[in-house]
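Peer 1: My questions will all concern the structure given below.
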Amino acid sequence: CVCCEDDIRKNEILNLAEVASGNGEISFLVQISFLYKVSSFYLLGSKCVWGGVDGVCRSVHQCQSAINDIKSKNYPPICSFEGVKPIICCTDCEPGDFLNLSPNDNIAYYKTGQKATDKCLDYFTTLDYGCYEPSLTNVLKEINTTRNCFDTDLVLYIIAGGRNADRDQFPHMALLGYGDNITTAQWLCGGSVISERYILTAAHCISSPAVGQVKYIALGILKRSDPQELWQKYNVKRIIAHPQYKPPSKYHDIALLETDYEISFNSHVLPACLHVGEADPTAEATGWGALGHHRELAEILQTVSLYRFEEEECKRAYPVHRHLKYGYNHTTQMCYGHREEAKDTCEGDSGGPLQSSAHLSDCLFTILGVTSYGRACGFAGGSGMYTRVSHYVPWIESIVWP
């Protein structure tokens, strides 16, 4: 054991999420006081042994199995301290990167190394998305006989409850305005809040011959007729279209809008996550666009559930033409719609999100796509074209979280 008799004693309060049992009890943060007497300190990265298993001296926040160890009061031995944070003898074969939790949090998160995902988790642990439920985080560990350490697996990343579809169901939704004056602006395209200063939208929404350049951003509303006190309005400080976007081509139809000052997050306005994996089989599209082919713009934010079309279906639906020189590109685009019903995005929905809540929480949406292009909407069997967000995450990260 690393820890032996001496007269040195240190106290450390760890903000670690203890897991509630399956009986629905609310989990709570465990406050652990380490009262160790240490004869010698082992530096970060030093080798150690605990219970006959080989370990490495790591920060307690990089040791997944510490969740279970602390929960069972089988406290790992202390190697040393980094400031007030304990360096423990961790017998996990590989380190994990544990996010610090505030005293009000009850869920264990591990960083992924992907800037967009980790920032999303930061938002979820610091902002009130209004749907926390007890976490059932648990770590399985199995001895690796070759390396004499434990292989670990975080069983449940997060479990969170849902909420009714109401005014705050899509708090990341943005409505984009055009014109010389914000009071008389035409509110046309959509977008998504992804950080304190940036809106994700379609590149073809940044300007048009009819209405000019996008100038305004409205957040926090459900209806176009909502009273002005509900509208969070911002000026567009900077427009950043993807460098490969060449209008009127439909490729690389993605852009970022920087607000003139930091967005005020509250229960009505919250950022969404960015998708980094394979596209989901189903997703929801939202917008204030037309209610059908040649129909009026929606007064109330609309949502529609859509199904992913396979690559060959998308290629048939979107063949080569003058604005799609090489036809449908499965790497950077995807198409969603409904094979039997007239469900689709429509004119005015451009730039808005195609999203899923199946990734982290029922009330934290992940943006899979940006509404880009389509044929006549509102006909059964049709699909719309969406810019595939996962392909552009490195570009987005380089601007939003450099």
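Read-outs: derived from the displayed coordinates by stated rules, not from any lab. Computed from a prediction, not measured in an experiment: that's the story for all the values here. Cβ atoms come from the backbone with ideal geometry, glycine included; neighbour counts cover every protein chain shown.
Peer 1: Set the Förster radius R0 to 56 Å, insert the Cβ-Cβ distance between residue 316 and residue 229 as r into 1/(1 + (r/R0)^6), and round the FRET efficiency to 0.05.
Peer 2: 0.70
Peer 1: Tally Lys and Arg at +1 and Asp and Glu at -1 over the other residues with C-beta under 10 Å from the C-beta of residue 288: what net charge comes out?
Peer 2: Charge balance near residue 288 sits at 0.
Peer 1: Which of the peptides 248-256, 222-230, 48-56 is most tightly packed, and how do the rest follow, judged by the mean count of other Cβ atoms within 10 Å per residue?
Peer 2: Going by the mean number of other Cβ atoms within 10 Å, highest first, we get 248-256, 48-56, 222-230.
Peer 1: Can you give the FRET efficiency to the nearest 0.05 for residue 397 and residue 260, using r as the Cβ-Cβ distance and R₀ = 25 Å?
Peer 2: Efficiency for this residue pair is about 0.65.
Peer 1: What net charge do the residues around residue 194 carry, taking every other residue with its C-beta under 14 Å from that of residue 194, with Lys and Arg at +1 and Asp and Glu at -1?
Peer 2: So the environment of residue 194 carries a net charge of -3.
Peer 1: Still on this structure, please answer the following. Can you figure out the FRET efficiency of residue 340 with residue 114, using R₀ = 35 Å and their beta-carbon distance, to the nearest 0.05?
Peer 2: 0.45
Peer 1: Roughly how far apart, in whole Å, are the Cα centres of the range 229-262 and the range 196-228?
Peer 2: Result: 9 Å between the Cα centres.
Peer 1: Further question on the same structure: Please work out how much length the chain gains when fully extended from residue 44 to residue 122, using 0.36 nm per residue of separation minus the C-alpha to C-alpha distance, in nm with one decimal.
Peer 2: Length gained between residue 44 and residue 122: 25.5 nm.
Peer 1: If you take all C-alpha pairs in the range 140-272, what percent of them are over 22 Å apart?
Peer 2: It works out to 48 percent of all Cα pairs.
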